[in-house]
Amino acid sequence: MTPSMPNPPLLRRLQAFFTPGTLDRYLIAQVIPPFLVALSVVMAALLLERLLVLFNLLAAGNNHLGVFVELLTTLLPHYLGLAIPAALCVGVFSIIRRMSQNEEIDAITSSGISLVRITRPYILMGALLSFLAFLLYGFVQPHARYDFRATFYMASHTGWAPRLQSNMFASPSPTLTIVADNVTQGGSDLHGVFIRDTSDNQERDITARHGHIRLASDSSAVEIDLEDGTILTDNRKSVPTLTTFEHATRLLTRANHITPFRERGEDERELTSPELVSRLIHQDPSISRPHMRSEVHFRLARSLTIPFIPALAAALAIMRKRQRSSAGLVLAFIIMVGFDHMLQFGHSMVATKKASLLIIWGPALFFVAMSSLLLLYKSGTFQTLKARWTSKRRAGAKNNQKALP
């Protein structure tokens with residue numbers, strides 16, 4: 001039986017680094033609830049404006065609720081990519097701020113654990129979210145963006161319905177005439193309805209107390225639901241008949257043939273990261289090369305900076321003693337928003353002006369360096385290094401004095 005070889009020191013250090021301890025599990029358990037709450041709030045805030053646009057689309061085109069749900073689903077990956085960094089910053093900031101106010105940070109650091117070590121589980125959490133964001137930016141969002149455009153195209157083209165006005169005759173087809181005494185809800189809700197239908201070599205005069213125009217569930221036709229009405233039918237060969245009904249559905253017009261939506265890939269934002277790299281290598285002329293190159297580096301820069309967000313949030317959350325409030329969260333928000341806008345600006349400049357990629361990576365590297373240095377400063381690392389350097393200088397000066405004759 002051969003004795004087992006001990007793990008190399010490097011492997012032991014890596015294993016110890018990635019193995020969560022009691023403190024790590026405590027910190028992660030503390031940050032998950034505020035992270036999820038912040039993620040939900042940010043997602044709701046980002047979706048609110050777009051929800052109003054979608055509701056207007058439904059109201060204007062009489063689309064059914066399934067179209068709204070499908071559009072909303074395709075929007076989630078895009079706004080999730082914006083909400084994850086913001087929620088991570090808010091979650092880490094709130095926990096470190098609370099621990100600082102309750103003097104938990106002082107208790108932990110007094111045992112020899114630095115602020116950098118306290119922030120380590122959050123940085124690793126940011127690294128995991130960075131990987132998820134890379135998959136989101138490079139694989140999920142391109143398909144979701146195309147699906148949203150395709151669904152919006154179909155909804156805006158098949159959601160047509162005649163827009164009626166009170167006491168105004170409308171003819172959706174050559175054999176159909178409709179008029180209503182009162183029209184509400186943008187022309188779809190009718191009161192006092194009269195319809196004259198001359199199809200099938202006969203005349204039908206329909207009256208109803210109430211009617212509602214809608215798009216059929218399969219988007220193949222525009223229909224009207226009628227309530228409490230009568231139908232007078234005259235085929236000019238026999239005695240006219242009179243029929244009463246409580247509810248009836250009539251076809252107004254069939255939807256026109258819709259040209260299928262284009263194939264995915266005409267926009268660089270609809271391409272996954274492997275597809276972008278493949279087209280760059282093979283020099284595909286269908287999309288501008290600067291646009292594709294800028295998109296690839298923009299996605300990478302956004303993903304790789306996420307692990308440094310906890311460092312920034314933790315550094316700004318540390319408060320002075322007996323300080324009740326500070327502008328740390330506001331400053332973190334300004335930095336995050338400004339950094340995102342700078343990335344967007346660099347992305348646009350590289351794509352349209354063929355500028356250097358430093359316009360994208362410059363702000364990213366500055367954000368990484370600023371977050372790291374600020375955390376080291378708040379943890380007292382610089383003061384410790386300065387004290388050690390000063391003590392070494394003094395020790396060297398004393399040794400030099402003793403060596404003198």
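The values are calculated or read from the model by the stated rules, or taken from the named source; none is laboratory data. Worth saying up front: this structure is predicted, and the values here are computed from it rather than measured. All Cβ positions, glycine included, derive from the backbone under ideal geometry; neighbour counts span all protein chains shown. For accessibility, only protein heavy atoms count, side chains too; no ligands or nucleic acids. Shrake-Rupley method; radii C 1.70, N 1.55, O 1.52, S 1.80 Å.
With an 8 Å cut-off on Cα pairs and a minimum separation of 6 or more residues, tell me the relative contact order of segment 168-253 in percent. 22 percent. For the chain, the per residue solvent-accessible surface stands at 58 Å², with DNA, RNA and ligands left out and a 1.4 Å probe. For segment 75-91, putting each phi into the Karplus relation 6.51 cos²θ - 1.76 cosθ + 1.60 with θ = phi - 60° gives couplings of 7, 4, x, 5, 6, 5, x, 7, 7, 4, x, 5, 5, 5, 5, 5, x Hz, in residue order, rounded to whole numbers and with x for Gly and Pro. Surface composition of the chain: carbon plus sulfur atoms hold 62% of the accessible area, using a 1.4 angstrom probe and ignoring ligands, DNA and RNA.
Looking only at segment 184-213, which residues have a backbone nitrogen under 18 Å from a spot 7 Å from the Cα of T230 in the C-beta direction? In segment 184-213, the label zone of T230 (backbone N under 18 Å from the point 7 Å along Cα→Cβ) covers 192-197, 203-211. Rg/Rh for segment 168-253 stands at 0.97; both radii use Cα atoms, and Rh follows the Kirkwood definition. In the chain, the DSSP-assigned H stretches of four residues or longer account for a calculated mean residue ellipticity at 222 nm of -20000 deg cm²/dmol, using -39500 (n - 2.57) per stretch and the full residue count as denominator.
Modelled this way, with points 7 Å down the Cα-to-C-beta line, the labels at R269 and D181 are 5.0 nm from one another. Measure nothing fancy, just the Cα-based angle from helix 381-403's long axis to the longest principal axis of the chain, in degrees from 0 to 90, nearest 10. Helix 381-403 and the main axis of the chain meet at about 10 degrees. Counting only DSSP beta bridges whose two residues both lie in the chain, roughly 100 percent are antiparallel.
Packing, as the average of other Cβ atoms within 10 Å across residues, places the peptides 297-308, 135-146 in the order 297-308, 135-146, highest first. In the set (1) 27.2; (2) 23.2; (3) 28.5, the label that goes with Kirkwood radius over Cα pairs in Å computed for this structure is (1). Pairing the Cα long axis of helix 289-304 with the longest principal axis of the chain, what angle in degrees results, from 0 to 90 and rounded to the nearest 10? So the inclination is approximately 60 degrees.
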